[in-house]
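Structure, as structure tokens:
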Protein chains: 6
Amino acid sequence: MRIQLVNPNASRAMTAKIAVTARAVAGPGVEIDAVTNDEGPAALESHTDDALALPGLLRAIERADAGGADAHVIACFGDPGLDAARELARGPVIGIAEAGMHAAALVSRRFAVVTTLARTLGHTRDLTRRYGFGEACAAAYAADIPVLDLEEASPAAVERIGALAERAVHEDGAESIVLGCAGMTDLCTALEVRLGVPVIDGVAAAVGLASALVRMGASTSRREEYAPPPRRPGELLRV
Amino acid sequence: MRIQLVNPNASRAMTAKIAVTARAVAGPGVEIDAVTNDEGPAALESHTDDALALPGLLRAIERADAGGADAHVIACFGDPGLDAARELARGPVIGIAEAGMHAAALVSRRFAVVTTLARTLGHTRDLTRRYGFGEACAAAYAADIPVLDLEEASPAAVERIGALAERAVHEDGAESIVLGCAGMTDLCTALEVRLGVPVIDGVAAAVGLASALVRMGASTSRREEYAPPPRRPGELLRV
Amino acid sequence: MRIQLVNPNASRAMTAKIAVTARAVAGPGVEIDAVTNDEGPAALESHTDDALALPGLLRAIERADAGGADAHVIACFGDPGLDAARELARGPVIGIAEAGMHAAALVSRRFAVVTTLARTLGHTRDLTRRYGFGEACAAAYAADIPVLDLEEASPAAVERIGALAERAVHEDGAESIVLGCAGMTDLCTALEVRLGVPVIDGVAAAVGLASALVRMGASTSRREEYAPPPRRPGELLRV
Amino acid sequence: MRIQLVNPNASRAMTAKIAVTARAVAGPGVEIDAVTNDEGPAALESHTDDALALPGLLRAIERADAGGADAHVIACFGDPGLDAARELARGPVIGIAEAGMHAAALVSRRFAVVTTLARTLGHTRDLTRRYGFGEACAAAYAADIPVLDLEEASPAAVERIGALAERAVHEDGAESIVLGCAGMTDLCTALEVRLGVPVIDGVAAAVGLASALVRMGASTSRREEYAPPPRRPGELLRV
Amino acid sequence: MRIQLVNPNASRAMTAKIAVTARAVAGPGVEIDAVTNDEGPAALESHTDDALALPGLLRAIERADAGGADAHVIACFGDPGLDAARELARGPVIGIAEAGMHAAALVSRRFAVVTTLARTLGHTRDLTRRYGFGEACAAAYAADIPVLDLEEASPAAVERIGALAERAVHEDGAESIVLGCAGMTDLCTALEVRLGVPVIDGVAAAVGLASALVRMGASTSRREEYAPPPRRPGELLRV
Amino acid sequence: MRIQLVNPNASRAMTAKIAVTARAVAGPGVEIDAVTNDEGPAALESHTDDALALPGLLRAIERADAGGADAHVIACFGDPGLDAARELARGPVIGIAEAGMHAAALVSRRFAVVTTLARTLGHTRDLTRRYGFGEACAAAYAADIPVLDLEEASPAAVERIGALAERAVHEDGAESIVLGCAGMTDLCTALEVRLGVPVIDGVAAAVGLASALVRMGASTSRREEYAPPPRRPGELLRV
């Protein structure tokens, strides 16, 4: 089984880092193709960044789909382009925010999200509600760390993330933590030791969910919402 | 006051049609600049279409903002790019789905949406909930009419839209109807006569809301969610 | 276009104050008729006050409707009598709590309400949910200021309102503020300067929404909920 | 223990009818004082009717409170004036819609409401949500019977009510029925025989809940929402 | 009328204590049969405890039902076995969490729950939502007191419960308090004096609701959800 | 990796059938231990059945946990004992209703559940809401087939299930189907062919989710809700 892992931003350092996580949890027989969206913004830190990442991201989905990928992971916590990617791919497509929240809901009653910038919290709350975890999400905090600083996180940044996670556990009743950025993937174990609760990395969760779906033979429904997009006469190319 | 009306798809016929509506309801002193997103898809009928329309749409927002527009209307019922546009513009930005639902909620307890394609109903429901009208929306129906067929709607298409609206009124308890496509803007009066309830066209509603906000001196909050997007070193151009 | 602005309480000083705001935002061609409910309580600070204000308030609606008003604004943050007024008037009727929340939802993702007395917070929360803004409302605070003290607000009262609004912005993530009393209408600009986020006055918002609806030709649905009330044989007079 | 039962409309025939029900279920030691709001409309069939009933209704509450009533029942399915009455009375105040829904929720997972006029369904849904039974309410139907026709219900009216209740049970999965008008109080037993599920009359339920609260020593909280209303200098009389 | 009060845990001291409360509020003609589930765990402090209490608890319901009990109260705040008991009994069955919340919602707009152990708060929140009081519940706190310590509560325990209730009233806007354990039944009056708001004991509330339902002639619906459980060939005994 | 699959009812034929499904989707290196709860009822078709299955079910969890199982699947669509099992096991525990709904939400916007008996629909709706899929669930239907008839489903039963699933797809807008009973596990492929949308079997989904969690190193949080249950002096044995 081949799972494509697309990093929607243009940081190859981040792609390399999340590929390590993905391969560590991929079981036997699961191959990870890690791809960087070179056409995308350097980081996705606003609705505008998300919008500008989409054309390149969707092209990567189409390319991998044509190349035989069995499933796709969109490795940015805003889950940009998830709906469109599902229209385009034959196999399942999983976003890492979605995956992290699903996994957290399976191992605890209430989780908290610790993410990068406060300006993305509104979008995080939107995703939480859309995926059905509005009540399961006890809190969402932002550590005020730019995404690219996580390529090589400073001790101060790690401490800030840990302190917010602790607050979520001790004050908000969170029983697990979802890491709110693909770039936090390597902080998982250290945080788990510090906090004593499960710390979920969306990249690992998405690889797990995608391979489970492939093994079950379940792919995205082609009915209504995610049917292949209509092709209109005179439009040469979809993506 | 100058309000920019952006049609996110590339149909100039549709732009012309909605400009007529917009100008008819714009009060004294309100000027409408109607703009077509020539780079966009011919019609927006899928999540993929919405994604591909964004770069051109956001460029139109930036351009008009620099050119002194006081407010912006995004004239496609999926409200594509609304969040990103709010980051980029100084004045208020209103989507026509959003505007249609707000207006309907002010003149009735429950409304129904009649839109084009069934595949967009999921997105319509998402918007309904996001804007807070999950309970106010009694039903959402799709007439299964491709968007571009509305450039010049056939009698059969008009009949189908009317029949669904009637069903919403008589079976679902809708007390008003929201038209679910910018291209339906010219059906408003005839439908109102047929149904005997308010029929809201989002284009008209958006022009009204945008000019009300400008007159109140209210613009998009620059705090958190809609702050101007960060500019990273080495990125030449935002949009 | 003529919009009637009814102050449901008996304070003519307050009526005069809100008429100033209303006229300042009314565009060209919009005339404001400001009316005091002389039969009402001196201030509306309880459910009982709201109840006792209704007969006089509804008579004012009927009178202005007969006199040709195109729309009506109920200028008390509890939106008393809104449903009944919609049954009685031909043109749209807008409450200022409703209007303030709609406007805030159009310029930010989350707003907070700062109102007068803690005892009215339950009713504010009810309205927030009824209008669909339960999730958009980040917080509701009461400054513990009697309504009539706002006829001429003391510096201490202004400071208390400002401090609560700041708390809403900095601790609760509110991106805009809705003023929770018609009597706060003149604090809007100063608060906006202090807070750096949009501060919405419901009176201004209601005038804007009402005139937008009139220009669109949209009036209250006459079907079911807001149909004219039944007249029973032997009842001489409705209101 | 003395419980005041106020009929908010002016129909003495209806008061007499509901007094019979109330006395039948009042246990030993519970006395029922049945009172008609002679100043109110002949029937409460619109928001306007509800508004006009309030002054007389609240006076009845104040009078009975001064006269030593231990609790109050507001015997109209719209629960008019409930919040204001709680501010004014020392003992508990129960509305019959509220009581009927509470009782139905204790004997079934989902109930349906069968009420009089379609125009009141929006208000019924509001009450359902406010009391927390939005999910427990499987359906709400209107039999299109004017309230006063229930003083002496015709066989056709009874049949219509029964047919709607059957539909709620067989199509909507309702496991019990709440009668949506005080005037239906005498149909309870016959409907229960026909339907084979509990049929709850709000008058009976309200008497039961009110006497339970009195026996427990529980009265309305005087903190915030339901504190006695402020008395302003110069206002002679509250109600 | 005979109401069975089952204590699902094996503590006879606790049964004796709650029987005193139950008898104090039972009106004339209401007899209380207090029963201990000797087969159950010593206390119910986890989902596992709840599960292990069920067989004995359900046998007690069946036995009392056969013996002519008119209604049943399950006297543990987790309301264990409530759905199953409703399948088995002819008369109404009331849980004390359910009853406490219903009563609190009738005398205040928002209540708080103060319970024993933090580990049960998730279950309390579940019940709150299931019964429809998700919005009415302003807060739920745990005093970190093992259930059996409440057989004879220490002054420190009482102080901790009182302090949390005060916090709920002053910080969270709770207007009444629901005691979250049958073992707190004797703290009700002292807390009410301290807090100045209604303090609801679920045992008293459940006795009140159960006798009200019996007097109204309302019993659990036998349709669908609570129909008697199917008996399969070869299964000798249900419970 | 070893995953224990517990069938909470006593039907060994059903255990055998679901073991086949589980093994078919378990990837390389995943071993399935299929266990029957011999002490449980013949089938779980009521709340009472669920309650009586718990002691044996929890013993099976404890036994397998002690024997080194890495994860557990509770193979009955009501997810009985899920919370208690999470307190007792070191590895993750997944219910098949939970798993089926999670998987369906990952491959479609809206799913429907087709289950056995109408009397269990209330419980299904409860689970749907608890897991966060209240809005994603378009419909829940019961085919009125006793659980044990599914050991060897008749053509008529298969047809009834298929017809309900078709109705959900064509009338309710479901884009995928969740099978509402472990005993339907072998109908999955045929239904998928008939319907043209994904048909999710909870058993397969649960095995996939459980192995994904094990590979990620994620287990149930031990904080609060799912901490090991307290052991009280004098209680010999937990389960």
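Only residues that are of a type in the set (D, E, K, R) and either more than 20 Å from residue B:22 (Cβ to Cβ) or open to solvent by 10 Å² or more (accessible area, probe 1.4 Å) (or both) were counted across the stretch B:95-105, and they come to 0.
Of all the criteria given as (1) farther than 22 Å from residue B:49 by Cβ; (2) in contact (Cβ under 8 Å) with a residue 60 or more places away in the chain; (3) of a type in the set (A, V, I, L, M, F, W, C), the one not satisfied by residue A:35 is (2).
Scanning the stretch D:1-35 for residues that are surrounded by 21 or more Cβ atoms within 10 Å (Cβ to Cβ) and within 26 Å of residue C:82 (Cα to Cα), we see that the one that is farthest from the chain's Cα centre (by Cα) is D:9. Taking the stretch A:52-67 as the range and being within 12 Å of another protein chain (Cβ to nearest Cβ) and touching a strand residue (DSSP E or B) at 6+ places or on another chain (Cβ under 8 Å) as the test, the residues that pass are A:57, A:61. Checking every residue in the stretch F:88-106 against the condition of being of a type in the set (Gly, Ala, Ser), closer than 25 Å to residue F:55 by Cβ and either in a loop (DSSP other than H, G, I, E, B) or touching a Cys at 6+ places or on another chain (Cβ under 7 Å) (or both) gives at least one match.
Would you pick out the residues in the stretch D:194-231 that are touching a Lys or Arg at 6+ places or on another chain (Cβ under 6 Å), facing chain E (nearest Cβ under 8 Å) and among the aliphatic types (A, V, I, L, M)? Correct list: D:197 only.
One residue stands out in the stretch A:135-164 among those that are over 13 Å from residue A:104 (Cβ atoms), of a type in the set (Gly, Ala, Ser) and touching a strand residue (DSSP E or B) at 6+ places or on another chain (Cβ under 8 Å): the one that is surrounded by the most Cβ atoms within 10 Å (Cβ to Cβ), namely A:143.
Go through the residues of the stretch E:159-168 one by one and say whether even a single one is among the basic types (Lys, Arg), in contact with a Gly (Cβ under 7 Å, 6 or more places away or on another chain) and modelled with pLDDT of 95 or more. Scanning the stretch E:159-168 turns up no residue that is among the basic types (Lys, Arg), in contact with a Gly (Cβ under 7 Å, 6 or more places away or on another chain) and modelled with pLDDT of 95 or more. For the residues F:222, F:167, the requirement of being assigned by TED's automatic domain parsing to the domain that holds residue F:17 and open to solvent by 40 Å² or more (accessible area, probe 1.4 Å) singles out F:222. Against the criterion of being within 23 Å of residue E:2 (Cα to Cα) and of a type outside the set (S, T, N, Q), residue E:206 qualifies. Here the condition is being within 11 Å of chain E (Cβ to nearest Cβ), acidic (Asp, Glu) and open to solvent by 10 Å² or more (accessible area, probe 1.4 Å); of F:49, F:38, F:83, F:70, it holds for F:83 alone.
Annotation note: Cβ proximity below 6 Å between a residue of the stretch D:7-30 that is more than 28 Å from residue E:26 (Cα to Cα) and a residue that is open to solvent by 60 Å² or more (accessible area, probe 1.4 Å) (sequence gap 6+ or interchain) occurs for D:10/D:38; D:13/D:151; D:14/D:151. Quick check on residue B:214: is it modelled with pLDDT of 95 or more, assigned by TED's automatic domain parsing to the domain that holds residue B:162 and crowded, with 21+ Cβ neighbours inside 10 Å? For residue B:214, the condition - modelled with pLDDT of 95 or more, assigned by TED's automatic domain parsing to the domain that holds residue B:162 and crowded, with 21+ Cβ neighbours inside 10 Å - is not met. The single residue among E:146, E:80 that is in contact with an Asp or Glu (Cβ under 9 Å, 6 or more places away or on another chain) and assigned by TED's automatic domain parsing to the domain that holds residue E:211 turns out to be E:80. Of the residues examined, residue F:171 is not one that is of a type in the set (Asp, Glu) and within 18 Å of residue F:44 (Cα to Cα). For the stretch A:193-207, the count of residues that are surrounded by fewer than 24 Cβ atoms within 10 Å (Cβ to Cβ), modelled with pLDDT under 95 and in a helix (DSSP H, G or I) is zero. Taken together, C:103, C:118, C:112, C:89 contain a single residue that is in the same structural domain as residue C:71 (by TED's automatic domain parsing) and in contact with a helix residue (DSSP H, G or I) (Cβ under 8 Å, 6 or more places away or on another chain), which is C:89. For the stretch A:1-55, a tally of residues being more than 20 Å from residue A:94 (Cβ to Cβ), of a type outside the set (Asp, Glu) and part of a helix (DSSP H, G or I) returns 8.
Residues in the stretch E:86-118 that are touching a Ser or Thr at 6+ places or on another chain (Cβ under 7 Å), closer than 18 Å to residue D:208 by Cβ and small (Gly, Ala, Ser) were compared, and the one that is farthest from the other protein chains (Cβ to nearest Cβ) is E:91.
Screening residue F:132 against (1) open to solvent by less than 40 Å² (accessible area, probe 1.4 Å); (2) in a helix (DSSP H, G or I) leaves a single unmet condition, (2). When the stretch C:106-125 is limited to residues that are without any contact (Cβ under 8 Å) to a residue 60 or more places away in the chain and in contact with an Asp or Glu (Cβ under 9 Å, 6 or more places away or on another chain), the one that is most open to solvent (accessible area, probe 1.4 Å) turns out to be C:125. Only residues that are touching a strand residue (DSSP E or B) at 6+ places or on another chain (Cβ under 8 Å) and farther than 30 Å from residue B:121 by Cβ were counted across the stretch F:175-222, and they come to 13.
The values are calculated or read from the model by the stated rules, or taken from the named source; none is laboratory data. Given the structure is predicted, the values throughout are model-derived calculations rather than measurements. No Cβ is skipped: glycine too gets one built from the backbone with ideal geometry, and neighbour counts run over all protein chains shown. All accessible areas refer to the heavy atoms of the entire protein, side chains included, with ligands and DNA or RNA removed. Shrake-Rupley method; radii C 1.70, N 1.55, O 1.52, S 1.80 Å.
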